[in-house]
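One structure is given here, and the rest of the page talks about it.
Every read-out reported here was derived from the displayed coordinates using simple, explicitly stated rules and does not represent laboratory data. Quick caveat, the model's predicted, so the values are computed rather than measured. Here the Cβ positions follow ideal geometry from the backbone for every residue, glycine too, while neighbour counts run over all protein chains shown.
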Amino acid sequence: MTKRKRFFPAKLLQPLANLLKIKEKNLQKRKAELEKEDPYANTDRLMDNAAVDSDAAEEFGHERISAMKKEIDKTLIRIKKTLTKIKLGNYGVCEGCGKMIDTDRLAVDPTALLCINCQKAKKKNEA
């Protein structure tokens with residue numbers, strides 16, 4: 001059985017993994033706080049015959065919180081993927097082309113899953 005090459009030493013990645021776990025915990029906490037702030041979470045509003053402007057404010061508040069929770073969910077997924085890559089020993093490998101992601105890019109965004117070329121190609125295809 002051949003041992004798979006690690007691209008970064010495990011000792012180097014442990015502080016990053018710890019930081020990501022803290023960030024993950026904080027994001028989950030923030031998501032729970034947002035759920036409490038959601039106007040739709042207030043069951044009393046169902047019995048309230050609110051004015052149109054109150055209904056609009058509730059709708060806007062709900063949509064704003066939903067968008068924020070969606071972004072948190074996306075970030076949580078990226079963090080979990082990154083932690084898995086660290087554990088498996090393939091952190092820093094582009095999911096698109098399989099080449100190493102530039103360390104400057106990883107320094108800016110440690111959860112980057114694509115190298116800059118694959119990211120540009122992805123954005124171009126989405127446009």
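Extending 7 Å from the Cα toward the beta-carbon at both residue 123 and residue 34 defines two label points whose distance is 2.3 nm. For residue 87, a cut-off of 21 angstrom between C-alpha atoms picks up these lysines, skipping any fewer than 8 places away in its own chain: 3, 5, 11, 21, 23, 25, 74, 99. Taking amide hydrogens as placed 1.01 Å from N in the peptide plane, the amide H of residue 100 sits under 5 Å from those of 94, each at least 5 positions away in sequence or on another chain.
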